[in-house]
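Enquirer: I have a structure I would like to understand better, so I am pasting it below and will then ask my questions one at a time.
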Amino acid sequence: MIEVEVHQSLLNFLQSQNQPYWPHNLTMARLVARALRLGRSALIQTASPPGSHNQEYQLSYLLPILMWPQKTILVTPQPVQEHLLTVEIPRLLANQSQISPLLSQKAIQTYPLQDPNFDGLLLITPEAWLAKQWQDQDFSQGIPTIIDWADNLETWAQNYLTASFLPTGWNQLMEVYPEQADLIRETRINLTRSLFQHPANPYNCYLIEQDEEQILQNLVYNSLSLPLEKYDFWFQWQSSGQLKWAEIHRQRGSFSLYCTPYDLSEALKNIWTKQPVVIIGGALDLKRKADSYRQMVGLGEITCVKFSPDRRHEMIQLYLPNGLPLPNTPQFQTVLTTEIRSLLHISSNGINGLIVIIIGDVPLKTQVGAALASEFGSRVQVETVSAEENTILITGWEFWQEHQRELPAPKLLIITTLPLPSLEHPLVSGRVNYYKQRGLDWFRLYLLPKALQELQRAIASARESQGVVAVLDNRVIYRSYGKQILAALSPFAKINSLDTIWL
């Protein structure tokens with residue numbers, strides 16, 4: 001069986017490298033080989049989320065794919081493709097004599113394909129793969145497909161399924177319907193007036209309200225015979241189950257319209273029946289069976305495996321001070337700044353290493369950054385990828401998740417508040433209302449899973465350096481979901497006093 005061949009081949013290769021390797025390489029390789037042989041889908045959590053520097057698990061799916069004699073598809077972001085093509089695959093092929101002669105027999109191409117009859121390994125980006133899934137029903141039909149970095153699957157799908165109507169679209173409408181130019185122009189003016197009456201928020205976006213929907217309805221539904229083609233913005237806008245919002249460009253005096261499905265599972269579930277898939281992510285769900293994740297992306301019952309971080313080499317030191325005010329209290333900002341100062345002073349005693357402070361609240365990030373810069377000077381940088389060893393980097397969650405891999409692993413990571421999506425964000429509140437209207441537990445089904453996944457991804461590089469993670473949000477201590485937060489941070493060695501912190 002291919003499982004046996006893959007196991008022995010990978011073992012030979014790893015032993016020939018004479019270097020430490022990921023402890024789950026062989027187990028995962030057998031799982032992927034089994035999925036290919038039986039045509040059964042599987043979901044694997046590696047405990048190495050995107051953004052971490054440790055991606056050794058990739059050998060565990062590369063070798064089975066290259067040894068499998070039939071056509072396969074590998075879905076992974078462009079930077080990962082480049083790494084596989086320039087580093088990992090050449091490394092395997094260079095050691096072919098120690099692995100298996102099957103390696104050289106499989107052709108490798110990247111999308112778009114030049115030969116429709118190609119039967120080797122096709123590498124394709126998530127964006128292109130999703131587009132083909134909805135635009136070409138026969139694409140990948142019955143072909144085993146491996147999806148890496150699936151922590152981002154929801155974001156990829158959401159981005160693809162989000163339709164937009166940009167400011168230039170109004171002029172295009174007037175060109176198509178010159179006889180309605182005055183009505184189109186009046187609609188844009190009325191909509192601009194209504195949208196710009198919304199008070200400014202840090203996100204510059206606003207849910208479409210009923211009177212604004214009516215303005216558009218008077219134009220699009222009643223006055224224009226728009227060609228509502230599939231994938232057209234107005235077709236999706238009129239579809240049910242759409243979250244609709246406007247992004248305001250105040251300086252330009254214009255706005256953009258957007259809509260996206262509330263429920264991604266409905267849009268994705270038909271994809272999984274077309275071909276066997278192996279979905280690989282670092283931290284998809286706190287539970288082994290990944291119930292929340294599978295429900296979110298429309299996956300049915302499949303084989304689920306969850307690996308744990310290596311306690312010997314990936315254990316963080318967790319500092320969780322008691323007695324801090326909760327984030328929604330007026331005292332929080334002052335006490336938070338004082339606590340961060342104390343941590344920075346202790347870490348400055350002859351210790352070199354990047355310090356990262358994650359602040360999700362946009363105004364709070366600016367205020368804390370200014371306060372620390374007045375004391376620590378140019379060491380304090382805000383959202384830069386050119387951080388030096390002694391830099392104090394202040395960043396939001398989105399920037400850190402996107403650029404974590406480009407930066408040195410931090411010796412101290414300070415998390416000011418839990419990454420629960422803010423209800424002040426219009427798009428978050430819109431989704432919460434969707435859950436409420438259906439009588440669903442919006443916190444347990446939406447906010448908490450998001451926070452747990454975000455948290456596990458955020459500490460990935462600190463785990464590699466066995467650094468200190470300080471969580472300054474006392475909801476971990478006082479809220480019932482705190483146990484799940486601690487489970488997401490595990491394994492850790494808890495620190496009870498600042499004096500005991502080792503960096």
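The values are calculated or read from the model by the stated rules, or taken from the named source; none is laboratory data. Everything quoted here is computed from the prediction, not taken from an experiment. Glycine gets a Cβ as well: all are built from the backbone with ideal geometry, and neighbour counts include every protein chain shown.
Enquirer: Of a type in the set (S, T, N, Q) and either in contact with a Pro (Cβ under 6 Å, 6 or more places away or on another chain) or free of Cβ contacts under 8 Å to residues at least 60 places away in the same chain (or both): which single residue out of 45, 98, 78, 58 fits that description?
Expert: Result of the check over 45, 98, 78, 58: 78.
Enquirer: State which residue is modelled with the lowest pLDDT when the search covers only the stretch 153-180 and only residues that are loosely packed, with under 15 Cβ neighbours inside 10 Å and more than 38 Å from the chain's Cα centre (by Cα).
Expert: 176
Enquirer: Let me ask something else. From the list 362, 356, 385, which residue is on the phi < 0 side of the Ramachandran plot, buried (at least 18 other Cβ atoms within 10 Å of the Cβ) and among the β-branched types (Val, Ile, Thr)?
Expert: The conditions single out 356.
Enquirer: If you take the residues of the stretch 120-152 that are over 10 Å from residue 76 (Cα atoms) and among the aromatic types (Phe, Trp, Tyr), which of them is nearest to the chain's Cα centre (by Cα)?
Expert: Residue satisfying both the conditions and the ranking: 134.
Enquirer: Now for a separate question. Checking residue 311 against (1) assigned by TED's automatic domain parsing to the domain that holds residue 424; (2) in contact (Cβ under 8 Å) with a residue 24 or more places away in the chain; (3) surrounded by fewer than 15 Cβ atoms within 10 Å (Cβ to Cβ), which test does it fail?
Expert: Of (1) assigned by TED's automatic domain parsing to the domain that holds residue 424; (2) in contact (Cβ under 8 Å) with a residue 24 or more places away in the chain; (3) surrounded by fewer than 15 Cβ atoms within 10 Å (Cβ to Cβ), only one is false for residue 311: (1).
Enquirer: Go through the stretch 20-40 and give me each residue that's of a type outside the set (A, V, I, L, M, F, W, C), part of a helix (DSSP H, G or I) and surrounded by fewer than 18 Cβ atoms within 10 Å (Cβ to Cβ).
Expert: Answer for the stretch 20-40, where residues must be of a type outside the set (A, V, I, L, M, F, W, C), part of a helix (DSSP H, G or I) and surrounded by fewer than 18 Cβ atoms within 10 Å (Cβ to Cβ): 27, 37.
Enquirer: Suppose the filter is under 26 Å from residue 337 (Cβ atoms), among the small types (Gly, Ala, Ser), assigned by TED's automatic domain parsing to the domain that holds residue 491 and over 16 Å from the mean Cα position of the chain (by Cα); does residue 458 pass it?
Expert: When the stated conditions are applied, residue 458 does not pass them.
Enquirer: Which condition from (1) part of a loop (DSSP other than H, G, I, E, B); (2) modelled with pLDDT of 90 or more; (3) among the charged types (D, E, K, R) is the one that residue 341 breaks?
Expert: (1) is the only condition that residue 341 fails.
Enquirer: Right, here's the next one. For the list (1) exposed (fewer than 14 other Cβ atoms within 10 Å of the Cβ); (2) out of contact with any Phe, Trp or Tyr (no Cβ under 6 Å at 6 or more places or on another chain); (3) modelled with pLDDT of 90 or more; (4) not hydroxyl-bearing (Ser, Thr, Tyr), I need the number of the one condition that residue 241 fails.
Expert: Residue 241 satisfies every listed condition except (2).
Enquirer: Would a scan of the stretch 395-407 turn up a residue that is small (Gly, Ala, Ser), touching a residue at least 24 places away in the same chain (Cβ under 8 Å), touching a Ser or Thr at 6+ places or on another chain (Cβ under 7 Å) and under 30 Å from residue 465 (Cα atoms)?
Expert: Within the stretch 395-407 (the criterion being small (Gly, Ala, Ser), touching a residue at least 24 places away in the same chain (Cβ under 8 Å), touching a Ser or Thr at 6+ places or on another chain (Cβ under 7 Å) and under 30 Å from residue 465 (Cα atoms)), the answer is no, since none of the residues qualifies.
Enquirer: Tell me, yes or no, whether the stretch 8-19 has at least one residue that is buried (at least 22 other Cβ atoms within 10 Å of the Cβ) and touching a Ser or Thr at 6+ places or on another chain (Cβ under 7 Å).
Expert: Checked against the condition, which is being buried (at least 22 other Cβ atoms within 10 Å of the Cβ) and touching a Ser or Thr at 6+ places or on another chain (Cβ under 7 Å), the stretch 8-19 yields at least one hit.
Enquirer: I've got another one for you. With the condition being surrounded by fewer than 21 Cβ atoms within 10 Å (Cβ to Cβ) and in contact with a Lys or Arg (Cβ under 7 Å, 6 or more places away or on another chain), I'd like the strands (runs of 3 or more DSSP E) fully within the stretch 41-152 carrying at least 3 qualifying residues.
Expert: Ranges flagged: none.
Enquirer: Here are the criteria: (1) over 18 Å from the mean Cα position of the chain (by Cα); (2) closer than 30 Å to residue 149 by Cα; (3) surrounded by 19 or more Cβ atoms within 10 Å (Cβ to Cβ). Tell me which single one residue 292 does not satisfy.
Expert: Just one mismatch for residue 292, condition (1).
Enquirer: Exactly one condition in (1) under 20 Å from the mean Cα position of the chain (by Cα); (2) farther than 23 Å from residue 202 by Cα; (3) hydroxyl-bearing (Ser, Thr, Tyr) is not met by residue 391; state its number.
Expert: (1)
Enquirer: Of the residues in the stretch 297-331, how many are within 14 Å of residue 471 (Cβ to Cβ) and either outside any strand (DSSP E or B) or of a type in the set (Gly, Ala, Ser) (or both)?
Expert: Final tally of qualifying residues: 7.
Enquirer: Among the residues of the stretch 93-139, write down those that are at pLDDT 90 or above and of a type in the set (Ser, Thr, Tyr).
Expert: 110, 111, 125, listed by residue number.
Enquirer: Are any of the residues in the stretch 456-466 under 24 Å from residue 432 (Cα atoms), at pLDDT 90 or above and out of contact with any Gly (no Cβ under 9 Å at 6 or more places or on another chain)?
Expert: no
Enquirer: Further question: Only one of 31, 11, 36 is in the same structural domain as residue 101 (by TED's automatic domain parsing) and within 17 Å of residue 88 (Cα to Cα); which?
Expert: Exactly one residue qualifies, and that residue is 11.
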